[in-house]
Structure formats: structure tokens, C-alpha cells
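Undergrad: Before I ask anything, let me first share the structure, which is written out below as C-alpha cells.
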Amino acid sequence: MKVSIDHDLCQGHARCWDICPEVFELDEQGHGLVAVPEVPPVHEAKAREAAENCPERAITVS
């Protein structure tokens, strides 16, 4: 599974990082970054949960 963040949509709520810090990290302004673009199976459920909880729907899971 792969994840990405649309940086034009991200508003820095940090829910992705709060839910799945194994895959996401934050930049200096608190906006989400993908630390692990190819998500290991053990973290897939949490990465999907993070995407579903993004208020701006800035996270794409494929």
C-alpha cells in the first residue's frame, strides 16, 4: 500500500501523525509529511484510519 499527502490541501491538523506516527511525520509548521511512502502491512490499518480522519481529505491511499 502507498500513501501520499496533497500539500496544497493539508492544513496542519496533525491527525495523521497522531493516529499513525509510524508512517507520517510533521514539518516545521505542523503539516503532514509521509515518512514511509510504501506502508508495511502491519501499519496499513492505521494509515487508512489516518486518511479517513483527515478533515481536508489530503491523504491518498492506493
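Undergrad: Report yes if Ala14 is aliphatic (A, V, I, L, M) and in contact with a Gly (Cβ under 7 Å, 6 or more places away or on another chain), otherwise no.
TA: Yes: the conditions hold for Ala14.
Undergrad: Hey, another quick one. Restricting attention to region 42-62, and to residues there that are part of a loop (DSSP other than H, G, I, E, B) and open to solvent by less than 40 Å² (accessible area, probe 1.4 Å), which single residue is farthest from His13 (Cα to Cα)?
TA: Only one residue fits best here, namely Ala58.
Undergrad: Ok, one more. State which residue pairs qualify: first residue touching a residue at least 24 places away in the same chain (Cβ under 8 Å) and inside region 1-14, second residue open to solvent by 100 Å² or more (accessible area, probe 1.4 Å) in any location, beta carbons under 9 Å apart, and separation of 6 or more residues or different chains.
TA: Met1/Glu38; Met1/Pro41; Met1/Arg48; Lys2/Glu38; Val3/Glu38; Val3/Arg48; Asp6/Arg57; Leu9/Arg57
Undergrad: Considering region 11-41 alone, what residues qualify as being open to solvent by 20 Å² or more (accessible area, probe 1.4 Å), touching a strand residue (DSSP E or B) at 6+ places or on another chain (Cβ under 7 Å) and assigned to a loop (DSSP other than H, G, I, E, B)?
TA: Ala14, Asp27, Ala35, Pro37
The values are calculated or read from the model by the stated rules, or taken from the named source; none is laboratory data. Nothing here was measured: the structure is a model prediction, and the numbers come from that model. Note that each Cβ is placed from the backbone with ideal geometry, even for glycine, and that neighbours are counted across all protein chains shown. Surface accessibility is based on the protein's heavy atoms, side chains included, excluding ligands, DNA and RNA. Shrake-Rupley method; radii C 1.70, N 1.55, O 1.52, S 1.80 Å.
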